[in-house]
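I have placed the structure first, in the form of structure tokens, so that the comments after it can refer back to it.
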Amino acid sequence: MTPNESISPVIAEFNGVSFRYKIGTDVLKDLHFSLAPGSFHFLTGESGAGKTSLLSLLYMDHLPTKGRVRLFGQTVDSLKRSEKAQIRRQIGVVFQDYRLLNHLNAFDNVALPLRIIGEKESDIRKHVTELLAWVGLEKQMRAYPEELSGGEQQRVAIARAVIHKPSLLLADEPTGNVDDAMAQRLLYLFLELNKLGTTIVVATHNEGLIQKFGFPRLHLHGGQVHLTIPRNSDISKLTKGEKNGQ
Amino acid sequence: MANKNAFLFADETTRFYFPWIFLLMVFIGTLLCGSGLFVYNCLNRWQQGVSESLTIQINTYDDNGVFRAEAVNEDIEKALSIIRTTPGVREANVLDENQMGELMAPWIGADVNLMDLPLPKLIDVAIDPKNPPFLEQLKMDLSIQVPNASLDSHRIWLTQLVKLSHRILQLIGIILILIIFTVVFTVSYTTRASLKIQEPIIRLVHMMGAKDFYITTKYAWRSLKRSLIGGFLGFCCAAPILVALIYCFEGMSDSIFTTGIYMEQWLFLAGYPLLMSFIAFITTFKSVLGYLKRFI
Ligand SMILES: Nc1ncnc2c1ncn2[C@@H]1O[C@H](COP(=O)(O)OP(=O)(O)OP(=O)(O)O)[C@@H](O)[C@H]1O
Ligand SMILES: [Mg+2]
């Protein structure tokens, strides 16, 4: 399944990865899969199947208990701290629980990744304003997370994850709190990014979206991951990304 | 527009606490350090007075103004034998008339016959400054055996005072070191408390690719800023008290800056809050860096 590493650059690669938290049993067991540059995957599985855990390995919140995770061609546990930071800057994450900073307004929350990489304030103002308008929050730019509805908070979280045009976007249930129309709109945002080359993984329970967009699906069950590519959808219309399967 | 560093400022529990701690620490430290310098300066001046020799005076006239004649020579012999057997004494010699003349010339002129004056006999005693004789004992021995001899007594309490001052300086040094420990402890404790509260925020910015150095310096600068504010205020409170203290002891003689604490020493004192802030900076830096290691 794994292509020759030296000739096929992959964004992320799991090689015999098992993972468990300090307490409990293995959440993920011996996973082998890879994400090609520009690919778009849905990540599914029942609640507690390990979707969030898998994503956390991809953004290096945890290290695998066994096996090897490679990101952007480098093995994670061999990286220096500063190299990890450099890789993290290329990753955008929409957390299932948003993780907005309550003491910052929507604008400053979204601006955070840009400020960390030291972007110019004038550019930050321009990009953040544009993006917040795109997700329909131009009026709530100065609102604090507590003053926003669940769906609005979710959109701020999404805007924050994509503001720095990451190479890898990991979205954990990003449409759980919005109506179908907004869910589709947000997925089109991901699609736009994907067309620009961003590799995307969206964890979701929303079968409607999965059907509509028809991207390959990584399904977690019993700690194992199964890749399925829907036959009836014309993926090439939606994404130019390379698909890799078995 | 929020501050660029706004992500760090979620927790302001330490905001007021921190400067207050420094105000207090620098206040106490500056007062102690200043008093120490003052004592040190006084000590130096006194020590110039306590030379390597002392003088014993033997009266040549009794209380009624009668010349004691032969008795004087007896007293001199007795006194010399006592002094020469006292440990810490290098040598003891009676000043002859030429030496007396030199000694008195500034006051009475060079060509006055000393025999005409009711001058006492003087014994010059060279002492070992590293191991000076026990003057109290010497004084007592003399007063019993040679009642007409007198030892310059203010030297005695001066040596005592010098000893005491050394002790005081040592004590001040120890307290200053304790203050530094307190500052290090307080800063690392408050930093840790603050980090604990902000853990989700730090986890988030770490996850976004903020480098350790970036997060660490943000904290360290904040500590530096707050400690400088506190330290400055602490120094401003302590300085007038020090000046008043010196004034009480010295009066407004020449100037506070030439007798009590010299100008350079005031600058040194002003460096004290800076040193404290520097310690706060380094301590915060190390605490945060250590804390960040928990994140992969
Ligand atoms: N921090 C943790 N410590 C210990 N166990 C955890 C921790 N986080 C998750 N788990 C456990 O790991 C398993 C997988 O959790 P995970 O959050 O990855 O599931 P999920 O697929 O994202 O579920 P959901 O769809 O409900 O978000 C669960 O059984 C959960 O109880
Ligand atoms: Mg989850």
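A few remarks follow.
- For the protein assembly as shown, share of DSSP beta bridges that run antiparallel, in % to the nearest 5: 65
- Evaluated with a Cβ-only charge set (Lys, Arg +1; Asp, Glu -1), the protein assembly as shown carries a dipole of roughly 4100 debye about its Cα centre, given to the nearest 20.
- Peptide B:199-208 shows a mean partner chain C-beta count of 6 within 10 Å per residue C-beta.
- For chain A: relative contact order, % (alpha-carbon pairs under 8 angstrom, 6 or more apart): 28
- Listed peptides A:12-18, B:89-95, B:163-169 appear in the order A:12-18, B:89-95, B:163-169 once ranked by packing, highest mean of other Cβ atoms within 10 Å at the front.
- Aspartates and glutamates whose Cα lies under 14 Å from that of B:Lys196, excluding same-chain neighbours fewer than 8 positions away: B:Asp11, B:Glu12
- B versus A: buried accessible surface, summed, Å² (probe 1.4 Å, to nearest 100): 2300
- The range B:197-248 pair-distance distribution - Cα-Cα, 10 Å bins, rounded %: 21, 28, 20, 15, 11, 5, 0
- Per residue, chain A exposes an accessible area of 44 Å² to a 1.4 Å probe, with every protein chain left in place.
- Estimated FRET transfer efficiency (B:Ile229, A:Glu121; beta-carbon r; R0 25 Å; 0.05): 0.45
- Residues of the range B:265-296 whose accessible area (probe 1.4 Å, heavy atoms of protein chains only) drops by at least 40 Å² once all protein chains are present, relative to their chain alone: B:Ile296.
- The translational diffusion coefficient of the range A:100-165, from Stokes-Einstein at 37 °C and 0.692 mPa s with a Kirkwood hydrodynamic radius over alpha carbon pairs, comes to 289 µm²/s.
- Inter-chain shielding of A:74-84 (mean C-beta neighbours from other protein chains, 10 Å cut-off): 2
- Protection proxy ranking, highest mean first, for peptides B:277-289, B:222-234, A:202-214, A:117-129: B:222-234, B:277-289, A:202-214, A:117-129, where packing is the per-residue count of other beta-carbon atoms within 10 Å, averaged.
- Shielding value for A:108-114 is 4, the average number of Cβ atoms from other chains within 10 Å of each residue's Cβ.
- Flagged links, alpha-carbon separation over 31 Å, of A:Lys66/B:Lys293; A:Lys126/B:Lys286; A:Lys139/B:Lys211: A:Lys126/B:Lys286; A:Lys139/B:Lys211
- Partner lysines whose Cα lies under 21 Å from the Cα of B:Lys139, excluding those fewer than 8 positions away in the same chain, are identified as B:Lys78, B:Lys121, B:Lys130, B:Lys163.
- Ranked from largest to smallest solvent-accessible area, with a 1.4 Å probe on the protein heavy atoms, A:Glu138, B:Glu77 come out as B:Glu77, A:Glu138.
- Proximal aspartates and glutamates to A:Lys80, defined as alpha-carbon separation beneath 16 angstrom and excluding residues fewer than eight positions away on the same chain: A:Asp61, B:Asp212
- Taking only protein heavy atoms and a 1.4 Å probe, the accessible area of chain A is 49% carbon and sulfur.
- Projected over all directions and averaged, the alpha-carbon convex hull of chain A occupies 13.5 nm².
- Debye log10 I(q)/I(0) at q = 0.06, 0.07, 0.11, 0.12 Å⁻¹ for the protein assembly as shown, Cα point scatterers: -0.53, -0.61, -1.01, -1.11
The values are calculated or read from the model by the stated rules, or taken from the named source; none is laboratory data. As the structure is a computational prediction, the values presented were derived from the model and not from experiment. Neighbour counts are summed over all protein chains in view; Cβ atoms, including those assigned to glycine, are modelled from backbone coordinates with ideal geometry. Protein only, heavy atoms only, side chains kept; ligands, DNA and RNA dropped before computing areas. Shrake-Rupley method; radii C 1.70, N 1.55, O 1.52, S 1.80 Å.
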